[in-house]
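Written below as structure tokens is the structure these notes are about.
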Amino acid sequence: SVAIENNVSYRPYDPMFDQKTAERVQLIARVRDGLAHQEFQLFYQPKICLRTGQHVGSEALLRWFNHENRMVMPGLFMPKVESTTLIDPVTRFVIARACETIRSQNLMPVSVNFAINNLMNPSLIGDMERIVRSYGVNPESLEIEITEGALIQDPTHAKEAVKCLRDQGFKVSLDDFGTGYSSFQYLSHLPLSGLKIDRAFVTDLEVSADARTIMESMISMARALKLEVTVEGIETLGQQEIVTDLGADLAQGFYFSRPLPLQEYQHWARDR
Ligand code: C2E
Ligand code: MG
Ligand code: MG
Ligand code: MG
């Protein structure tokens, strides 16, 4: 029985396994097609400076309008795309569109989301400055958001990649902060420029003293590390007031605006 237990290649037949693999392969093929047929669009969600109330930039969020013109949210396809080589053309598409938007709005910054496999791809990371300059944009205007996953999976390479981006002049923020596993000690060794506190920490701010205490310590820790602090998922005026009092720098959330198609976002910005 020891021999059988050690035989790692042994796996009982699992019909679900084959089905899931087939679905995954199909999804990837449809994303590749969709990219070729212009089915992808960026939506933009404004970023607000809490001290001045001013609109200071936006985050680009991917949307897929499939053949029936139904909008597909990134949570339904990006996790699968991110684990394949297709993440490279998808991210390059996002960068290209984001740069066009930056140019069209007097260089107001736009943030884009990078997957672990983008961060681990030296031919993308090392070429970023040339790429954005080829679209007429300076690295200062394109900001990059990464998640804790990359930092945990391969801290040494993640750190090198972040440093490489920072050396080229890009801002790099850690997204969804607080939902992963990265320790505070670890954060101080990364050359990040900002930190985005996950919206999970915003929900109870108005009703729970504990939630406020946690938010307060995350913000003061980030400030002590000289990181620009963004709070995600602000949905009410009360939440905005609390995070402003606690010293956060920037905020995003439905309270200011949902992510909008480019034209609507530009109207929103003009009317403000
Ligand atoms: P994220 O980067 O943390 O983006 C924030 C998500 O929170 C967005 O969801 C946004 O619509 C949502 N959100 C913003 N404000 C509020 C609020 O006040 N309340 C609530 N309930 N939600 C709010 P979305 O657009 O569905 O994107 C989900 C995730 O998909 C993103 O999380 C990001 O991880 C990923 N993603 C989106 N676009 C891209 C992309 O171009 N590349 C990569 N690699 N990932 C992307
Ligand atoms: Mg993000
Ligand atoms: Mg986030
Ligand atoms: Mg997220």
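The values are calculated or read from the model by the stated rules, or taken from the named source; none is laboratory data. Nothing here was measured: the structure is a model prediction, and the numbers come from that model. Quick reminder, even Gly has a Cβ in these numbers, built from the backbone with ideal geometry, and neighbours come from all protein chains shown. Note: accessible area is taken over every heavy atom of the protein model, side chains too, but ligands, DNA and RNA are not part of it. Shrake-Rupley method; radii C 1.70, N 1.55, O 1.52, S 1.80 Å.
Tabulated values for the structure
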{"read-out": "Single unsatisfied condition, ARG92 versus (1) of a type in the set (Lys, Arg); (2) more than 15 Å from LEU262 (Cα to Cα); (3) more than 18 Å from the chain's Cα centre (by Cα)", "value": "(3)"}
{"read-out": "Where a residue in segment 228-241 is within 15 Å of ALA211 (Cβ to Cβ) and of a type in the set (Ser, Thr, Tyr) and its partner, wherever it lies, is more than 14 Å from ligand 2 (Cβ to nearest atom) and in a loop (DSSP other than H, G, I, E, B), with Cβ under 6 Å and at least six apart", "value": "THR236/TYR255"}
{"read-out": "Residue in segment 187-209 that is free of Cβ contacts under 8 Å to residues at least 60 places away in the same chain, more than 15 Å from ligand 1 (Cβ to nearest atom) and closer than 24 Å to GLU100 by Cα present", "value": "yes"}
{"read-out": "Of residues in segment 79-99 being surrounded by 15 or more Cβ atoms within 10 Å (Cβ to Cβ) and of a type in the set (S, T, N, Q), the one nearest to ligand 1 (Cβ to nearest atom)", "value": "THR91"}
{"read-out": "Members of segment 130-159 found to be part of a helix (DSSP H, G or I), of a type outside the set (Val, Ile, Thr) and either at positive phi or within 19 Å of the chain's Cα centre (by Cα) (or both), listed by number", "value": "PRO139, GLU140, SER141, GLU148, GLY149, ALA150, LEU151, GLN153, PRO155, HIS157, ALA158, LYS159"}
{"read-out": "Any hit, segment 116-129, residues being more than 17 Å from the chain's Cα centre (by Cα), open to solvent by 50 Å² or more (accessible area, probe 1.4 Å) and within 23 Å of VAL56 (Cβ to Cβ)", "value": "yes"}
{"read-out": "Helices (runs of 4 or more DSSP H) contained in segment 14-109 and holding at least 3 residues among the charged types (D, E, K, R)", "value": "15-36, 87-104"}
{"read-out": "Identity of the residue in segment 61-78, open to solvent by 40 Å² or more (accessible area, probe 1.4 Å) and of a type outside the set (D, E, K, R), that ends up farthest from ligand 2 (Cβ to nearest atom)", "value": "HIS67"}
{"read-out": "Residue satisfying all of: in segment 138-159; in contact with a strand residue (DSSP E or B) (Cβ under 9 Å, 6 or more places away or on another chain) and modelled with pLDDT of 95 or more; most open to solvent (accessible area, probe 1.4 Å) among these", "value": "GLU140"}
